[in-house]
1. Among the residues in segment 208-220, are any of a type outside the set (Lys, Arg) and part of a helix (DSSP H, G or I)?
2. Looking at residue 253, is it under 29 Å from residue 74 (Cβ atoms) and assigned to a strand (DSSP E or B)?
3. Here are some conditions: (1) touching a residue at least 12 places away in the same chain (Cβ under 8 Å); (2) touching a strand residue (DSSP E or B) at 6+ places or on another chain (Cβ under 9 Å). Residue 382 meets all but one. Which one does it not meet?
4. For segment 268-318, which residues satisfy the criterion of being free of Cβ contacts under 8 Å to residues at least 24 places away in the same chain and within 16 Å of the chain's Cα centre (by Cα)?
5. Would it be correct to say that residue 154 is closer than 14 Å to residue 203 by Cβ and over 26 Å from the mean Cα position of the chain (by Cα)?
6. Given (1) polar (S, T, N, Q); (2) surrounded by 12 or more Cβ atoms within 10 Å (Cβ to Cβ); (3) within 15 Å of residue 325 (Cβ to Cβ); (4) out of contact with any Leu (no Cβ under 7 Å at 6 or more places or on another chain), identify the lone condition not met by residue 355.
7. Can you name the number of the only condition in (1) touching a strand residue (DSSP E or B) at 6+ places or on another chain (Cβ under 9 Å); (2) free of Cβ contacts under 8 Å to residues at least 24 places away in the same chain; (3) of a type in the set (D, E, K, R) that residue 221 fails?
8. Just checking, does segment 258-267 include any residue being surrounded by fewer than 24 Cβ atoms within 10 Å (Cβ to Cβ), outside any strand (DSSP E or B) and free of Cβ contacts under 8 Å to residues at least 40 places away in the same chain?
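The values are calculated or read from the model by the stated rules, or taken from the named source; none is laboratory data. This structure is a prediction, so every number in the text was calculated from the model and none was measured. For neighbour counting, all protein chains shown are included, and Cβ atoms are generated from backbone atoms with ideal geometry for every residue, glycine included.
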Amino acid sequence: MTNTRPTAPDGGGPAREPADSRPLRPAADDGARTPSGADGEARTGGNLDPAGGHPRPAAGLDARLVVDRPAFRLDITLTAAPGDVVALLGPNGAGKTTALRALAGLTPLTDGHLRLDGTSLEDTPTESRPVGVVFQDYLLFPHLSALDNVAFGPRCRGAGKAEARAQAAAWLERMGLAGHAGAKPRRLSGGQAQRVALARALATRPRLLLLDEPLAALDARTRLEVRAQLRRHLAEFEAVSVLVTHDPLDAMVLADRLVVVEHGRVVQEGTPTDIARRPRTDYIAQLVGLNLYRGQAAGHTVRLHAGPAITTTEELSGPVFVAFPPSAVTLFRDRPSGASARNLWHCEVAGLETQGDQIRAALTGDLPLAADLTTVAAAELDLHPGASVWATVKATQTHAYPA
């Protein structure tokens, strides 16, 4: 069942879900996620939910999502094995939400395909799809208790009231909310409401779990705690999870694989480590906090398409990217005479921003870049917008890779 915007439960619903739908596996002792296929085989056995169920083989998600709209076209491919958590990242208007709605059956495909566990879903009614959704604002029934909110899914699948409430109680206990079963949503904290919404989505035993900015409604302190809890619950989920988020930290912590979407297309995908180490667009570089440039390499020298040359430790040839962190940049007010760094550029301070106990300087000039320095260093250099500075970066602190 797709958990779309709730309507008041009436005690009825479609026929009960077949007993072979596979839910969460028992929690690992350390809460760490086991990568799918780590043992060379699909994970298929011993995966029961708190209320019971039977395991079955699963093939995961295989989708090409094509949605045409005036002045916009989404065309992306998504694949994921059972147990994978995939994060969709991208700027506003990139197509992330459209992709999520297409997976849920809320937005029809113009072209492409959507297969889950080998079954085509393009013509399957939204309410009949084995898909659970956790919305950004959770959409809990305000007039129902936490227990009855979670029981709503099993009730719609044909479970009797007592059975549905028993399943819901098991899920709330798993989420650490047994003591809040009788509470209405208005009496729950943001983190508690998020876990109730997650329990409601999982109570239908979905084969695909969709999470739309699941932590966006939380304050910074609560977000840290709930992120850790959500990571544990996703690590236990045996089917496919797709997460949409604007927060790179949420994506890095929660996902096994990142898919970056810009202008309706996938521009890069890979593990969080791969993406962070080798960004391929300015958007991704900003997400992971790197200065990124593109140029032509000849040996250890990269001539930028619009700008100076950068000396690197890698010896390459042809089109390349060059990246380095803002922390690798050293600033001087006067041209350094004895600097060992081969990379030296004359710049001007365009802006200053406080980031925790550091100052990030945005520089223009020979090479537009960002530089991080301590507040003490910024004061000693008397940095201010318009100040003239020299920036250096050691070749050993750059990273070049094929474009």
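1. Here is the first cut: in segment 208-220, the ones of a type outside the set (Lys, Arg) are 208-220.
Of the ones still in play, those that are also part of a helix (DSSP H, G or I) are 220.
Looking through segment 208-220, at least one residue is of a type outside the set (Lys, Arg) and part of a helix (DSSP H, G or I).
2. On the way: under 29 Å from residue 74 (Cβ atoms): yes; assigned to a strand (DSSP E or B): no.
Against the criterion (under 29 Å from residue 74 (Cβ atoms) and assigned to a strand (DSSP E or B)), residue 253 does not qualify.
3. Failed condition: (2).
4. Listed by number, the residues that qualify are 268, 269, 270, 271, 272, 273, 274, 275, 286.
5. Details: closer than 14 Å to residue 203 by Cβ: yes; over 26 Å from the mean Cα position of the chain (by Cα): yes.
It is true that residue 154 is closer than 14 Å to residue 203 by Cβ and over 26 Å from the mean Cα position of the chain (by Cα).
6. Exception for residue 355: condition (2).
7. (1)
8. no
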